[in-house]
1. Given a Förster distance of 30 Å, report the FRET efficiency between B:VAL197 and B:ASN296 from their Cβ-Cβ distance, rounded to the nearest 0.05.
2. Taking only C-alpha pairs under 8 Å that are 6+ residues apart, what is the relative contact order of the range B:2-183 in percent?
3. Scan chain A and note any complete DSSP helix (H) whose C-alpha atoms cover at least 15 Å along its axis and whose Kyte-Doolittle average is 0.5 or more.
4. For chains A and B, what's the summed buried accessible area, probe 1.4 Å, to the nearest 100 square angstrom?
5. To the nearest whole number, what is the average tally of beta carbon atoms from other chains within 10 Å of the beta carbons of peptide A:152-158?
6. In debye, nearest 20, what is the charge dipole magnitude of chain B about its Cα centre with +1 on Lys and Arg Cβ and -1 on Asp and Glu Cβ, if you could check?
7. Using C-alpha positions alone, give me the convex hull volume of the range B:173-235 per residue in cubic angstrom.
8. Rounded to the nearest 0.05, what FRET efficiency do B:ASP185 and B:VAL267 have when you use their Cβ-Cβ distance and R0 = 30 Å?
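The values are calculated or read from the model by the stated rules, or taken from the named source; none is laboratory data. No experiment lies behind these values; they were computed from the predicted model shown. Reconstructed Cβ throughout: ideal geometry from the backbone, glycine too, with neighbour counts over all protein chains shown. All accessible areas refer to the heavy atoms of the entire protein, side chains included, with ligands and DNA or RNA removed. Shrake-Rupley method; radii C 1.70, N 1.55, O 1.52, S 1.80 Å.
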Amino acid sequence: MEVDLLKTMLRDMLLARAFEERAAQEYAQGNIAGFLHLYPGEEAIAVGVLRAAEPADYIVSTYREHVHALVRGIPPGVVMAELFGKKDGCSGGMGGSMHLFDRERRFMGGYAIVGETFPVATGIGYAVAMRRLPEAVICFFGDGAVNQGTFHESLNMAALWKLPVLFVCENNHYQIGTEIHRHSAVAEVWKRACGYRIPAKRIDGMDVLAVHEATVAALEQIRAGNGPQLLECETYRFRGHSMADPGSYRPKVELQAFEDNEDPVKIAIAETVAAYPTGEQIAAAGSGNIERLSGHLQQSELLTAAQLEAMRKEVAEVVEEAVHFAARSPEPAMEDAQAALDCNRHDEVLI
Amino acid sequence: MAELMYWEAIRRAHDEEMARDPLVICMGEDIGVAGGTYKATKGLFDKYGPERVIDTPISENGFTGLGIGASFLGVRPVIEIMSVNFAWLAMDQIFNTAAKVRYMSGGQLTAPIVVRSPGGTAHQLGAQHSARMEKVFMGIAGLRVVTPSTPKQAYGLLKSAIRCEDPVFINEHELMYNLKGEVPDQEFFHPLEGSEVVREGRDVTLFGYNISVHWALQAAEVLSKQHGIEAEVVDLYTLSPLDRAGIAASVSKTHRAIIVEEAEPAVGVGSEVMAIINEECFFELDAAPLRVSAVNVPIPYNRQLEKAALPAVKDVVDAVLSQVAK
């Protein structure tokens, strides 16, 4: 893998973590209200998937979508301003944390009804297929969404009509506060795709390189006209479901284990600071490969500790500036709300 | 001017729009190869092919949402839901996505879909196939609701709805697909907003929509011939947004108002029109407005009970007589 891409993905993840932790602080201070669903722990998925996507691809996401928006290129200040409900937010302050949109970047929205996104993404895929363009739709969803009827309805239609949709499950093992074995008869999400003859794969969602690699392969298949694909990325969220949720239903030891050993940011640092190992190296490393890879840190010449520190400082400044941008942005007015509702009514035969 | 049946008028609108714009598609259960339960898409599959005339699985929420997603990219889907009773299953996509996406995206995305569906009570279809749901749709901000009472409206409203940037719900009627009426040979677009005085009168205004316009017209004939009362009949072909000015203008002329609706009275067209009358022209009234509505029960299967649950022409006549007497 190219060094530049590795560094880019590492910076994405550092920015994502810093942005989300700051959002939590701003929420605590009352600058962000409503529901706020944060992403720490899951960064490798958004980064690995979206860095494998093309600018012409379409993204459909959930209410836990700040990082998808950031990696897609929406400026952090514009995302933060939307979280603040301000006029300069990417949805003009009309959407909020759960409804980030950017038409130009083909970021087709964050949606807050679990399962709502499957038909929408499938429909975008239908329109893409009608145009015969080599574009794909990437649909993010959680493990909790796969028990909605829309999941099955959409997988069926996507497979039936060979639509260019990549379904990406961010399996963090909890639907709000209920662990996957208590909400799903079949806890392996990828297996469900088999019922629709959709090629599916389970990957380590804590490893940005694995996610990136799997996405590249899946998108290649999709662009070749072979229909939808599904990736199940196993991950873990370090925080509760939302800021309103302390996450107390999860055993402390489980959370600790993930934070200590599975933190995707730590893993990415190790992977970037050390050269990405070959297949033989991974095999030789055995199950304790994370620690072994970390051991490469000192020897690596890809990124020094000082460079890493500079990267951390740089993203902290970006987040600081994003908060200032959001704070300075004006509040939208009721006329803006009305304009958002009416703005496209230009058909003169209507009235 | 040709005489067309309601279904033929709808079919013609589909055909013209699909011939004009390759991005206009139609979709629904059995609409393609089978030509549609009510023939509204008959022959289109052969003409435009399976990609644009989509026989969908029985997945109302799924395929409605698929249409919405496609519409984000400029596709113009006309989605047939075989019966409004099945539209409940698609409510999430219609209400949460189509009606709100422009708003919550700050105006960036819009969902120019048309959902067509027959509502109303037909003949002994039982409680789960006889719902009247227009009252549910008309209460949702961001969604337009129209309901044609004639083949001409069915044609012109669908033409305008397909060209409209907003999501539009078209409430048709199970019993009206074979209704005949004149439709101009020349292409035309019916306004999506407004109401129409279909019979002039001076003594009372009867507001109807869809099938109840016909009941109101029949009642007006009886009132004129047998009682010397001249009722004005106003066709509320737009249920959202309701034509406040049109409602107020007619009531200001006749000073009496009765709303004839096929649905149960609660939270419906009648109650909304009454509220508008109160707000716009209360002091023009000579008598309290009345509603002639269905009985507040799910529609019974039994033929006699089904009939008894729905308003009849006689109920409208009686309501007018009781109101005029006051």
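1. According to the calculation, E is roughly 0.50.
2. 27 percent.
3. Sorted by number, the helices that extend far enough and score high enough are A:117-131, A:208-223.
4. On the way: alone 16250 and 13360 Å², together 25820 Å².
Using a 1.4 Å probe on protein heavy atoms, the buried area is about 3800 Å².
5. 5
6. Working: 29 positive and 42 negative charges, 35 e Å.
Value, rounded to 20: 160 debye.
7. Here the figure is 113 Å³ per residue.
8. Here the calculated transfer efficiency is 0.15.
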